[in-house]
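Enquirer: Below you will find the structure I want to go over with you.
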Amino acid sequence: MSPDHERHDSAGSHLSIKDPEKNVAEAVIRNASISDGMTMAHNPKLEKTWRKIDIVILPVVAMFYLLSFLDRTNLANARVAGLQEDLKMTNYQYSIALTVTFIPYIAIEIPSNLVLKVIQAVGPKLMLPMMLMLWGIVTTLQGLVTTYSGLLACRFFLGLFEGGVFPGFVLYLSFWYPRQQLQRRISAFFSTASLSGAFSGILAYGIIHMDGMGGRPGWAWIFILEGLFTIVFGVSAFFLLPSSPETARFLTMEEKDYVLRQLRDAGATGFEENADAFSWSEVVRALTLPQMWMVAVTFFFDGAQIYGLAYFTPSIIHGLGFSKAAAQLYSVPPFGVAFVAVTIIGAYISDRFGARGFVTMFSGVASTIGFAMFLASTSFHVKWGSLFLTISGAYNAAPALATWSANNASPYTRRAVCIAIGVGFSNMGGILVTWLLGTLSPAPLYREATITLLVFSALIVIITGLNIAYLAAQNKRKAVIRARTSRDEEKPGLGDRSAWFVYSL
């Protein structure tokens, strides 16, 4: 036996005696890449594999993101419940507290996405639950702070530990699902962001009545209770979250072959085993993709809307004349409608027709109408009603943009960078809006912020239209190439620039 404890099977592949799980994974990859002349695409038995994956993965991922958004934005509920007064914070200091969260959040996104798969010893199964536990601890500690500086420290580490969650899960789901099936799954977990907006209002309404218990104010209990639940779920996630289809114990060997074959046929993974290996040249190539930059700029505009509404909706409603408790409750219906819009309508249309860009444009139109209503009306009923359009529009665009970014970049490293940059731009929009709504636009009208977000909504429609036109032109160019040549004649390693890689519109 060789010193490195390896031997060869009949196909010439290395089998590691030390790592039998790796043997299984490599065997699955090898089987999935061998053409046997048979099609598995419409086998009813194997088509049920997607539902099987959904049942195992989506509830865990959805709960992850619900807790992520809940723990990040519950500062808005705590503010209305008395946090700002108790810590003697000005509006300027409140904006600083929000900004401090975004800086490490943005900085960690690309490194986190690259580590997620490249370093196999870490992987999603360990990395994602660990992040969840750590930010749960920080959330809980927010309920114990008594000074503004203590709050700033907590917000910094919250951003550091949460930064890789959204881009990480978009990338993680692309390990499991072909491109044409991806948005329904991304929407399933992202819709919990709007659900958290509704859920946090209900929770906060009940929790603030614990004011004085244990010598802590009501707003402190918002952080403590929600943080403790996050920690508990983080521990359970170590046992619930599988790393990849290759090593998933709940799938049979036939189902693993099927999933990997579908991923390769759809261009979600490379046809060669080393095609998805990390490469700095792929990082550079990602930065040269025009579609990536157009999606990133659109993400910036949409991120400003999402975070503005997530952090300030209770304050906006309170400024319309509602009491602090009523403001918590009246924030529930707009987010509830957004949950339905994102989960059912937007995701179905996007996956059914492959219309990522058109769903984004429609969402931009809805937001434009909503912000125009808020700006032009003097009726508090109309202003409150406008939130149904702005929140639904903003939250419906985000999963479409994330899916669009994941769909139109390949191989793995290129896709990881594109997703992370897009989400990073979204968070840059969040930094801008914390100052627009927190300091620069006086309540209750928020005139300057509303005008800015109205312009952003219109720009979402325009830039998305330009991206659709660019991608359609590229698809026509690729169709001409396919008509003149065969796939075997094409240079390997082109990824999404291959003539056989059709861009999603």
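Enquirer: Within the range 71-121, which residues are of a type in the set (Gly, Ala, Ser) and open to solvent by less than 50 Å² (accessible area, probe 1.4 Å)?
Expert: Taking the range 71-121 and keeping what is of a type in the set (Gly, Ala, Ser), we get 76, 78, 81-82, 95, 97, 107, 112, 121.
Once the filter is applied, which keeps residues that are of a type in the set (Gly, Ala, Ser) and open to solvent by less than 50 Å² (accessible area, probe 1.4 Å), the range 71-121 yields Ala76, Ala78, Ala81, Gly82, Ser95, Ala97, Ser112.
Enquirer: Looking at (1) buried (at least 20 other Cβ atoms within 10 Å of the Cβ); (2) within 23 Å of the chain's Cα centre (by Cα), find the lone condition where Ala220 falls short.
Expert: Failed condition: (2).
Enquirer: Which one is farthest from Ala499 (Cα to Cα) among residues in the range 416-456 that are free of Cβ contacts under 8 Å to residues at least 12 places away in the same chain and part of a helix (DSSP H, G or I)?
Expert: If we take residues in the range 416-456 being free of Cβ contacts under 8 Å to residues at least 12 places away in the same chain and part of a helix (DSSP H, G or I), then Leu440 is farthest from Ala499 (Cα to Cα).
Enquirer: Could you please give the count of residues in the range 457-505 that are farther than 19 Å from Leu401 by Cα, aliphatic (A, V, I, L, M) and in a helix (DSSP H, G or I)?
Expert: Here the count works out to 5.
Enquirer: Something else about it: Leu251 - would you say it is modelled with pLDDT of 85 or more, of a type in the set (A, V, I, L, M) and not in a helix (DSSP H, G or I)?
Expert: Values: modelled with pLDDT of 85 or more: yes; of a type in the set (A, V, I, L, M): yes; not in a helix (DSSP H, G or I): yes.
The answer is yes for Leu251.
Enquirer: Then there is this: When the range 445-478 is examined, which residues are found to be among the basic types (Lys, Arg) and closer than 30 Å to Lys491 by Cα?
Expert: Of everything in the range 445-478, those that are among the basic types (Lys, Arg) and closer than 30 Å to Lys491 by Cα turn out to be Lys476, Arg477, Lys478.
Enquirer: Could you list, in sequence order, the residues of the range 172-205 that are in a helix (DSSP H, G or I), of a type outside the set (Lys, Arg) and over 15 Å from the mean Cα position of the chain (by Cα)? Don't jump to the end; show me each part of the working.
Expert: Of the residues in the range 172-205, the ones in a helix (DSSP H, G or I) are 172-174, 179-205.
From the residues that got through so far, the ones that are of a type outside the set (Lys, Arg) too are 172-174, 180-183, 186-205.
If the condition is that a residue be in a helix (DSSP H, G or I), of a type outside the set (Lys, Arg) and over 15 Å from the mean Cα position of the chain (by Cα), then Gln180, Gln181, Gly197, Ala198, Phe199, Ser200, Gly201, Ile202, Leu203, Ala204, Tyr205 are the ones that fit.
Enquirer: Scanning for something touching a residue at least 40 places away in the same chain (Cβ under 8 Å) and farther than 23 Å from Phe199 by Cα, does the range 300-313 turn up at least one residue?
Expert: Filtering the range 300-313 for residues touching a residue at least 40 places away in the same chain (Cβ under 8 Å) gives 300-313.
Imposing the further condition that a residue be farther than 23 Å from Phe199 by Cα reduces the set to 300-301.
Yes: the range 300-313 contains one or more residues that are touching a residue at least 40 places away in the same chain (Cβ under 8 Å) and farther than 23 Å from Phe199 by Cα.
Enquirer: May I pose another question? Which of the residues that make up the range 187-202 are open to solvent by less than 50 Å² (accessible area, probe 1.4 Å) and not polar (S, T, N, Q)? Walk me through it before giving the result.
Expert: Just the residues of the range 187-202 that are open to solvent by less than 50 Å² (accessible area, probe 1.4 Å), to begin with: 187-194, 196-198, 200-201.
Correct list: Ala188, Phe189, Phe190, Ala193, Gly197, Ala198, Gly201.
The values are calculated or read from the model by the stated rules, or taken from the named source; none is laboratory data. Just so we're clear, the structure is a prediction, and the values are computed from it rather than from any experiment. For neighbour counting, all protein chains shown are included, and Cβ atoms are generated from backbone atoms with ideal geometry for every residue, glycine included. All accessible areas refer to the heavy atoms of the entire protein, side chains included, with ligands and DNA or RNA removed. Shrake-Rupley method; radii C 1.70, N 1.55, O 1.52, S 1.80 Å.
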